[in-house]
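Asks: Take a look at this one; I'll ask things after.
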Amino acid sequence: MKFGSMLKDVLRSFTQAPVTEKYPFVKKPAPDRLRGKLVWNPEKCSGCCLCSKDCPSDAIELITIDKKAKRFVMRYHADRCTYCAQCVQNCRFECLDMSSTDWELAALTKAPFDVYYGKDEDVDAVLAKLAADKTGEAPA
Ligand code: SF4
Ligand code: SF4
């Protein structure tokens, strides 16, 4: 780099505002197509498990409570997800999507990365079973 052009850059830096973004204090809207957290709409879910079978990082589990009544719980391991959207493309019933608004997923503990989707009573039943499996006691 020639001295003249370098000097020009130095002088310009005194008069121009920095280009650095002030995130997280100033936030710009994310693009619509941003792939954030996976979201699941269970209404049309058939329980086919195509999403979990096709996930390259084993980030989705579909837990069947009652297949006839279409009661399922989806366990999403956000820390394993590569945000490839393969599951979204493969779901024939358009139950899955990647949020363009919920994408700030950093956390200090592992708990927020273990996400359960479904009806509250179904999620509670699954969590009770997992806790019972850990302790070796029958769920309450
Ligand atoms: S691929 Fe779609 S319909 Fe099949 S289990 Fe997954 S979310 Fe449900
Ligand atoms: S976005 Fe990709 S990695 Fe994440 S759950 Fe779907 S298929 Fe798996």
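Asks: Going through segment 36-62 one residue at a time, which ones are more than 16 Å from F113 (Cβ to Cβ) and away from ligand 1 (no atom under 11 Å from the Cβ)? Give the steps one after another, and end with the answer.
Replies: Pass one, segment 36-62, residues more than 16 Å from F113 (Cβ to Cβ): 41-54, 56, 62.
P56 - this is the single residue of segment 36-62 that is more than 16 Å from F113 (Cβ to Cβ) and away from ligand 1 (no atom under 11 Å from the Cβ).
Asks: Is there a residue in segment 32-39 that is touching a residue at least 40 places away in the same chain (Cβ under 8 Å), within 23 Å of D120 (Cβ to Cβ) and near ligand 2 (Cβ under 9 Å from one of its atoms)?
Replies: yes
Asks: Given D79, D122, which one is among the acidic types (D, E) and within 24 Å of P24 (Cα to Cα)?
Replies: Testing whether each residue is among the acidic types (D, E) and within 24 Å of P24 (Cα to Cα) leaves just D79.
Asks: Here's a follow-up. Being more than 16 Å from ligand 2 (Cβ to nearest atom), under 30 Å from R33 (Cα atoms) and either open to solvent by 50 Å² or more (accessible area, probe 1.4 Å) or in contact with a Leu (Cβ under 9 Å, 6 or more places away or on another chain) (or both) is true for just one of E104, E94, E61, E121. Which residue is that?
Replies: From the options E104, E94, E61, E121, the qualifying one is E104.
Asks: Of the conditions (1) more than 8 Å from ligand 2 (Cβ to nearest atom); (2) under 24 Å from A111 (Cα atoms); (3) loosely packed, with under 14 Cβ neighbours inside 10 Å, K28 fails just one. Which one is it?
Replies: Result: K28 fails condition (2) only.
Asks: Could you please find all residues in segment 107-118 being β-branched (V, I, T) and exposed (fewer than 10 other Cβ atoms within 10 Å of the Cβ)? Step through it out loud before you land on a result.
Replies: Within segment 107-118, the subset β-branched (V, I, T) is 109, 115.
Matches in segment 107-118: T109 only.
Asks: Would you please name the residue that is farthest from K70 (Cα to Cα), looking only at residues in segment 85-140 that are without any contact (Cβ under 8 Å) to a residue 60 or more places away in the chain and β-branched (V, I, T)?
Replies: T109
Asks: Take the residues in segment 69-91 that are open to solvent by 40 Å² or more (accessible area, probe 1.4 Å) and under 24 Å from D124 (Cβ atoms), then tell me which one is nearest to ligand 2 (Cβ to nearest atom).
Replies: The extreme case among them is R80.
The values are calculated or read from the model by the stated rules, or taken from the named source; none is laboratory data. Predicted model, so just to flag it, every value in this text is computed and none were measured. For neighbour counting, all protein chains shown are included, and Cβ atoms are generated from backbone atoms with ideal geometry for every residue, glycine included. Quick note on the areas: whole protein, heavy atoms, side chains included, nothing else; ligands and nucleic acids left out. Shrake-Rupley method; radii C 1.70, N 1.55, O 1.52, S 1.80 Å.
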